[in-house]
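*Asks:* Got a structure here, written out as C-alpha coordinates. Questions coming.
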Ligand SMILES: [Zn+2]
(Lines give C-alpha, C1' and ligand atoms only; values in the text may rest on other atoms or scores of the structure.)
Protein backbone atom coordinates (compact mmCIF):
# COMPACT_ATOMS: atom_id res chain seq x y z
CA UNK A 1 0.00 0.00 0.00
CA UNK A 2 1.33 3.42 -0.91
CA UNK A 3 1.56 6.29 1.51
CA UNK A 4 -0.31 9.52 0.94
CA UNK A 5 2.91 11.23 -0.06
CA UNK A 6 3.83 8.54 -2.57
CA UNK A 7 0.43 8.80 -4.14
CA UNK A 8 0.83 12.58 -4.39
CA UNK A 9 4.11 12.14 -6.19
CA UNK A 10 2.60 9.67 -8.63
CA UNK A 11 -0.36 11.92 -9.26
CA UNK A 12 2.00 14.80 -10.00
CA UNK A 13 4.03 12.68 -12.40
CA UNK A 14 0.93 11.47 -14.20
CA UNK A 15 -0.61 14.90 -14.50
CA UNK A 16 2.65 16.38 -15.80
CA UNK A 17 2.90 13.65 -18.40
CA UNK A 18 -0.71 14.22 -19.37
CA UNK A 19 -0.06 17.94 -19.84
CA UNK A 20 2.96 17.19 -21.98
CA UNK A 21 0.95 14.87 -24.23
CA UNK A 22 -1.86 17.36 -24.60
CA UNK A 23 0.63 20.05 -25.59
CA UNK A 24 2.17 17.69 -28.14
CA UNK A 25 -1.25 16.92 -29.52
CA UNK A 26 -1.90 20.61 -29.97
CA UNK A 27 1.40 21.04 -31.77
CA UNK A 28 0.37 18.20 -34.03
CA UNK A 29 -2.86 19.93 -34.81
CA UNK A 30 -1.05 23.13 -35.71
CA UNK A 31 1.18 21.10 -37.97
CA UNK A 32 -1.80 19.69 -39.88
CA UNK A 33 -3.29 23.13 -40.30
CA UNK A 34 -0.04 24.54 -41.61
CA UNK A 35 0.12 21.68 -44.01
CA UNK A 36 -3.19 22.61 -45.58
CA UNK A 37 -2.04 26.15 -46.06
CA UNK A 38 1.19 24.94 -47.60
CA UNK A 39 -0.46 22.78 -50.24
CA UNK A 40 0.58 23.97 -53.63
CA UNK A 41 3.99 25.01 -52.49
CA UNK A 42 6.52 23.37 -54.75
CA UNK A 43 9.55 23.63 -52.53
CA UNK A 44 8.69 20.51 -50.60
CA UNK A 45 8.77 17.27 -52.46
CA UNK A 46 5.32 15.72 -52.32
CA UNK A 47 6.38 12.29 -51.17
CA UNK A 48 8.44 13.79 -48.44
CA UNK A 49 5.47 15.74 -47.26
CA UNK A 50 3.39 12.59 -47.25
CA UNK A 51 6.00 10.97 -45.13
CA UNK A 52 6.00 13.84 -42.67
CA UNK A 53 2.28 13.75 -42.44
CA UNK A 54 2.02 10.04 -41.76
CA UNK A 55 4.73 10.28 -39.14
CA UNK A 56 2.70 12.93 -37.47
CA UNK A 57 -0.42 10.79 -37.56
CA UNK A 58 1.43 7.85 -36.05
CA UNK A 59 2.69 10.12 -33.33
CA UNK A 60 -0.80 11.20 -32.51
CA UNK A 61 -1.98 7.59 -32.37
CA UNK A 62 0.79 6.89 -29.94
CA UNK A 63 -0.13 9.93 -27.90
CA UNK A 64 -3.74 8.87 -27.77
CA UNK A 65 -2.64 5.46 -26.61
CA UNK A 66 -0.38 6.88 -23.92
CA UNK A 67 -3.03 9.31 -22.83
CA UNK A 68 -5.50 6.51 -22.26
CA UNK A 69 -2.90 4.68 -20.21
CA UNK A 70 -2.33 7.76 -18.09
CA UNK A 71 -6.03 8.24 -17.54
CA UNK A 72 -6.46 4.67 -16.37
CA UNK A 73 -3.37 4.97 -14.17
CA UNK A 74 -4.93 8.02 -12.51
CA UNK A 75 -8.05 5.96 -12.06
CA UNK A 76 -6.11 3.15 -10.41
CA UNK A 77 -4.38 5.74 -8.26
CA UNK A 78 -7.70 7.00 -6.92
CA UNK A 79 -8.85 3.45 -6.25
CA UNK A 80 -5.63 2.62 -4.50
CA UNK A 81 -4.87 -0.25 -6.85
CA UNK A 82 -2.10 1.42 -8.84
CA UNK A 83 0.63 -0.55 -7.10
CA UNK A 84 -1.00 -3.94 -7.55
CA UNK A 85 0.55 -6.05 -10.29
CA UNK A 86 -1.97 -7.01 -12.93
CA UNK A 87 -0.50 -10.47 -13.30
CA UNK A 88 0.48 -11.71 -9.86
CA UNK A 89 -1.20 -9.18 -7.57
CA UNK A 90 2.03 -8.44 -5.75
CA UNK A 91 2.80 -4.78 -4.97
CA UNK A 92 4.81 -2.90 -7.59
CA UNK A 93 7.85 -1.15 -6.11
CA UNK A 94 7.23 2.55 -5.64
CA UNK A 95 10.50 3.41 -7.35
CA UNK A 96 9.35 1.56 -10.44
CA UNK A 97 5.97 3.26 -10.34
CA UNK A 98 7.55 6.65 -10.07
CA UNK A 99 9.76 5.99 -13.10
CA UNK A 100 6.83 4.52 -15.04
CA UNK A 101 3.55 5.54 -13.47
CA UNK A 102 1.52 3.85 -16.20
CA UNK A 103 2.96 0.43 -15.61
CA UNK A 104 0.60 -2.31 -14.48
CA UNK A 105 3.17 -5.04 -13.90
CA UNK A 106 5.74 -5.65 -11.21
CA UNK A 107 9.30 -5.95 -12.40
CA UNK A 108 9.27 -9.74 -12.30
CA UNK A 109 6.17 -10.07 -14.44
CA UNK A 110 7.38 -7.32 -16.75
CA UNK A 111 10.65 -9.08 -17.37
CA UNK A 112 8.91 -12.36 -17.93
CA UNK A 113 6.54 -10.77 -20.41
CA UNK A 114 9.40 -9.09 -22.24
CA UNK A 115 11.16 -12.42 -22.58
CA UNK A 116 7.99 -13.93 -24.02
CA UNK A 117 7.46 -11.03 -26.39
CA UNK A 118 11.06 -11.24 -27.49
CA UNK A 119 10.87 -14.91 -28.41
CA UNK A 120 7.52 -14.39 -30.14
CA UNK A 121 8.48 -11.29 -32.07
CA UNK A 122 11.61 -13.02 -33.33
CA UNK A 123 9.36 -15.32 -35.29
CA UNK A 124 6.46 -12.99 -35.99
CA UNK A 125 8.05 -9.89 -37.46
CA UNK A 126 11.59 -10.52 -38.59
CA UNK A 127 13.20 -7.88 -36.44
CA UNK A 128 11.31 -4.93 -37.80
CA UNK A 129 12.78 -2.84 -35.05
CA UNK A 130 10.42 -1.29 -32.62
CA UNK A 131 9.05 -3.15 -29.68
CA UNK A 132 8.18 -1.23 -26.58
CA UNK A 133 4.65 -0.55 -27.65
CA UNK A 134 3.57 -0.16 -24.10
CA UNK A 135 5.06 1.95 -21.46
CA UNK A 136 6.18 5.51 -21.61
CA UNK A 137 9.89 5.84 -21.97
CA UNK A 138 10.32 8.75 -19.64
CA UNK A 139 12.91 10.98 -21.24
CA UNK A 140 12.95 13.26 -18.28
CA UNK A 141 13.11 10.53 -15.69
CA UNK A 142 16.53 9.56 -16.98
CA UNK A 143 15.35 6.08 -17.83
CA UNK A 144 16.82 2.85 -16.67
CA UNK A 145 15.23 0.46 -14.30
CA UNK A 146 17.32 -0.94 -11.58
CA UNK A 147 15.46 -3.79 -10.01
ZN1 LIG B 1 3.74 -9.40 -10.92
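*Asks:* Surrounded by 13 or more Cβ atoms within 10 Å (Cβ to Cβ), modelled with pLDDT of 85 or more and assigned to a helix (DSSP H, G or I): is that true of residue 97 in this structure?
*Replies:* yes
*Asks:* Let me ask something else about it. Give region 31-51 a look and list any residue that's modelled with pLDDT of 75 or more and surrounded by 13 or more Cβ atoms within 10 Å (Cβ to Cβ), or say none.
*Replies:* Matches in region 31-51: 49 only.
*Asks:* Additional query: Considering each of 61, 75 in turn, give the residue that is farther than 19 Å from residue 2 by Cβ, free of Cβ contacts under 8 Å to residues at least 40 places away in the same chain and more than 9 Å from the ligand (Cβ to nearest atom).
*Replies:* 61
*Asks:* Show the residue pairs that are 6+ apart or on different chains and have beta-carbon atoms under 9 Å apart, the first residue being within region 106-121 and closer than 24 Å to residue 1 by Cα, the second being more than 8 Å from the ligand (Cβ to nearest atom) and assigned to a helix (DSSP H, G or I).
*Replies:* Listed pairs, sorted by first residue: 106/96; 107/96; 110/96.
*Asks:* Sticking with this one: Count, please, the residues in region 100-137 that happen to be at pLDDT 55 or above and within 16 Å of the ligand (Cβ to nearest atom).
*Replies:* Here the count works out to 17.
*Asks:* Out of 58, 76, which single residue is at pLDDT below 95 and under 24 Å from residue 20 (Cβ atoms)?
*Replies:* None of the other options fit; the residue is 58.
*Asks:* Cβ-Cβ under 7 Å, sequence separation 6+ or interchain: first residue in region 83-96 and within 6 Å of the ligand (Cβ to nearest atom), partner assigned to a loop (DSSP other than H, G, I, E, B). Which pairs?
*Replies:* Partner pairs satisfying both residue conditions: 85/92; 85/105; 85/106; 87/105; 88/106; 90/106.
The values are calculated or read from the model by the stated rules, or taken from the named source; none is laboratory data. Because the structure is a prediction, the values reported are computed rather than measured. Here the Cβ is made from the backbone with ideal geometry for all residues, glycine too, and neighbour counts use every protein chain on show.
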